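Worksheet: one structure, shown below.
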Amino acid sequence: MSQANKPARWYLIQTKPRQEARAEEHLQRQLFECYRPIKMGEKKRGSRAAVEEELFPGYLFIRMDQAQDNWYPIRSTRGVARIVTFGGMPVPVQDVLIDQIRQRLITPPPKLQFQQGETVRITAEGFNDVEAIFLTADGDERAVILLNLLQREQKVTLPVSSLTRAEARA
């Protein structure tokens, strides 16, 4: 397949610090399709509204045709620091990755299902069903547990998805 026949692909843009929205706005004014993944963060003190957080601070995705689109204006666009390259060439991001990011952002995170002090089993590879004590949530997707390692109790942060309820033993 020749370069001219390839469809537009997603590429990664690094933005200037805290200028993701500015870069996206100015790129869209130049008629580029952009994607800036945003998640809803926790409310700040004294505020009633949830806060938008960048999923990838300092980056956004742009859809371009490597042969047809003019890349030069991107570098001088307000808010843009550079096009991410490897070996001096922009490397396309797979469409399936962009689709997975979009799907993950519209799917609600799993609700925490453990109570403080509850015994949990770690199912992550390398732990072989080690038991621990659930302490607290650390965001929506992480948990702090108390793990007995080498006769010492250690606080460890793991993804909630790597924990299950420990069955009661007779």
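Worth pointing out:
- Residues that are within 30 Å of residue 107 (Cβ to Cβ) and either of a type in the set (A, V, I, L, M, F, W, C) or surrounded by 12 or more Cβ atoms within 10 Å (Cβ to Cβ) (or both) within region 160-170 comprise 160, 161, 162, 163, 164, 165, 166, listed in sequence order.
- The numbered conditions (1) touching a residue at least 40 places away in the same chain (Cβ under 8 Å); (2) out of contact with any strand residue (DSSP E or B) (no Cβ under 7 Å at 6 or more places or on another chain) are all true for residue 96 except (1).
- When 1, 40 are checked against the criterion of being surrounded by fewer than 17 Cβ atoms within 10 Å (Cβ to Cβ), under 19 Å from the mean Cα position of the chain (by Cα) and at pLDDT below 80, 40 stands alone in meeting it.
- Scanning region 98-115 for residues that are modelled with pLDDT of 90 or more and either within 19 Å of residue 15 (Cβ to Cβ) or not in a helix (DSSP H, G or I) (or both) turns up 98, 101.
- Where residue 147 falls short, out of the listed (1) surrounded by fewer than 16 Cβ atoms within 10 Å (Cβ to Cβ); (2) over 20 Å from the mean Cα position of the chain (by Cα); (3) assigned to a strand (DSSP E or B): (1)
- Residues in region 111-144 that are crowded, with 16+ Cβ neighbours inside 10 Å, under 26 Å from residue 55 (Cβ atoms) and of a type in the set (Gly, Ala, Ser): 143 alone.
- Residue 46 being at pLDDT below 90 and surrounded by 12 or more Cβ atoms within 10 Å (Cβ to Cβ): no
The values are calculated or read from the model by the stated rules, or taken from the named source; none is laboratory data. Worth saying up front: this structure is predicted, and the values here are computed from it rather than measured. Using ideal geometry, Cβ is built from the backbone for each residue, glycine included, and neighbour counts are taken over all protein chains shown.
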